[in-house]
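Reviewing the structure listed below.
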Amino acid sequence: MRALILGGTGLLGRAFSQRAKQQQYQALAVARSGGDIDLDITDSGALHELLAQTSPDLIINAAANVNLADCESNTEEAFAINAEPAKVLAKWSQKTERPFVQVSSDHFFDGDGSAKHDETAPVVLLNKYAASKRAGEVYALQAKSALILRTSIAGFHPDGRGFAAWALNSIAGRKPMTLFDDFYGSTIDINTFCVAAFDLIEQGASGLLNLASSEVSSKQEFIMMLARLVNVELDWVSSGSVAMLKPRRARSLGLDVSRAEQLLGRDLPGMHDVCVNLVNEWKRNHEME
């Protein structure tokens with residue numbers, strides 16, 4: 001079986017490629033450069049041609065522009081990356097009746113603190129990033145075999161990018177940090193996310209689904225948990241509000257994952273277990289350096 005992983009050289013795409021190979025797929029990473037296949041996914045004609053040439057059994061779209069400021073200043077490009085490819089992939093999925101996974105976002109909720117939001121909760125679009133990711137969901141939902149996963153992931157890219165690497169390296173190096181106590185989410189470690197996603201794929205799950213941590217925590221609480229697990233007291237950091245950031249962003253990103261847990265037949269990890277997984281991976285990475 002063959003799986004195309006769009007955004008295959010990114011943080012999530014790399015993890016998906018690794019998991020796909022463990023699931024006995026021939027995984028092909030698709031990226032602008034450095035992938036198994038180099039392709040600009042904003043070129044719909046080239047994307048159509050790739051689908052015809054490779055005839056994949058599964059497509060996972062992990063490509064995205066997640067830079068909120070860049071999406072705000074380059075709106076057309078944001079929609080070209082975050083939304084338009086899903087239109088092409090949904091048509092392919094509908095025609096071939098083969099599965100297509102669209103990785104979405106949790107940036108759709110605001111104003112209710114640490115509340116959990118299920119798949120039917122009304123969305124609020126406060127910036128172009130959220131608008132483009134929501135458009136991608138709408139396009140993907142046109143295919144009955146599409147699985148749209150709302151999530152917030154943390155992991156480690158070889159180049160050092162990502163929230164988890166920044167947080168743990170800042171903790172270890174006692175670097176200046178401002179911890180947001182009014183920005184809530186359900187962050188899950190990337191490896192747990194990919195395992196659960198493939199379990200859902202294998203059972204033929206479709207539609208819109210939250211796949212994240214079972215607990216909602218503020219960024220401050222999350223980072224404080226990471227610090228406790230590496231035995232560091234955060235006696236130099238300050239607290240702040242996400243309201244000071246531009247562009248404006250949603251603050252109440254908690255997800256209700258009970259439907260995913262029911263389909264999986266198991267509980268998804270809470271904040272403590274997610275942080276344990278991240279700290280263990282961070283330590284392994286440092287041991288290999």
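The values are calculated or read from the model by the stated rules, or taken from the named source; none is laboratory data. Just so it is clear, the model here is predicted, and its values are computed rather than measured. Here the Cβ is made from the backbone with ideal geometry for all residues, glycine too, and neighbour counts use every protein chain on show.
A few notes on this one:
- Leu89, sole failed condition from (1) surrounded by fewer than 22 Cβ atoms within 10 Å (Cβ to Cβ); (2) in contact (Cβ under 8 Å) with a residue 40 or more places away in the chain; (3) assigned to a helix (DSSP H, G or I): (1)
For (1) at positive phi; (2) among the acidic types (Asp, Glu); (3) outside any helix (DSSP H, G or I), each residue gets a yes or a no:
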{"site": "Ala69", "(1), (2), (3)": "no, no, no"}
{"site": "Asp106", "(1), (2), (3)": "no, yes, yes"}
{"site": "Thr120", "(1), (2), (3)": "no, no, yes"}
{"site": "Ala130", "(1), (2), (3)": "no, no, no"}
{"site": "Lys133", "(1), (2), (3)": "no, no, no"}
{"site": "Tyr139", "(1), (2), (3)": "no, no, no"}
{"site": "Ser170", "(1), (2), (3)": "no, no, no"}
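- Some residue of region 33-55 being in a strand (DSSP E or B) and either basic (Lys, Arg) or more than 21 Å from the chain's Cα centre (by Cα) (or both): yes
- Matching entry among Arg134, Arg150, Arg161 (being charged (D, E, K, R), buried (at least 16 other Cβ atoms within 10 Å of the Cβ) and out of contact with any strand residue (DSSP E or B) (no Cβ under 8 Å at 6 or more places or on another chain)): Arg134
- Condition met for Pro122 (modelled with pLDDT under 95 and either surrounded by fewer than 14 Cβ atoms within 10 Å (Cβ to Cβ) or more than 30 Å from Leu58 (Cβ to Cβ) (or both)): no
- Any hit, region 133-147, residues being among the aliphatic types (A, V, I, L, M), modelled with pLDDT of 95 or more and more than 18 Å from the chain's Cα centre (by Cα): yes
- Within region 71-86, if we keep just the residues that are small (Gly, Ala, Ser) and either modelled with pLDDT under 95 or part of a helix (DSSP H, G or I) (or both), the residue that is nearest to Pro247 (Cα to Cα) turns out to be Ser73.
- Of all the listed residues (Gly185, Gly207), the sole one being on the phi > 0 side of the Ramachandran plot and within 21 Å of the chain's Cα centre (by Cα) is Gly207.
- Residue match in region 20-29 (condition: farther than 21 Å from His157 by Cα and either charged (D, E, K, R) or in contact with a Cys (Cβ under 8 Å, 6 or more places away or on another chain) (or both)): no
- The one condition in (1) surrounded by fewer than 22 Cβ atoms within 10 Å (Cβ to Cβ); (2) assigned to a helix (DSSP H, G or I); (3) of a type in the set (Gly, Ala, Ser) that Gly13 fails to fulfil: (1)
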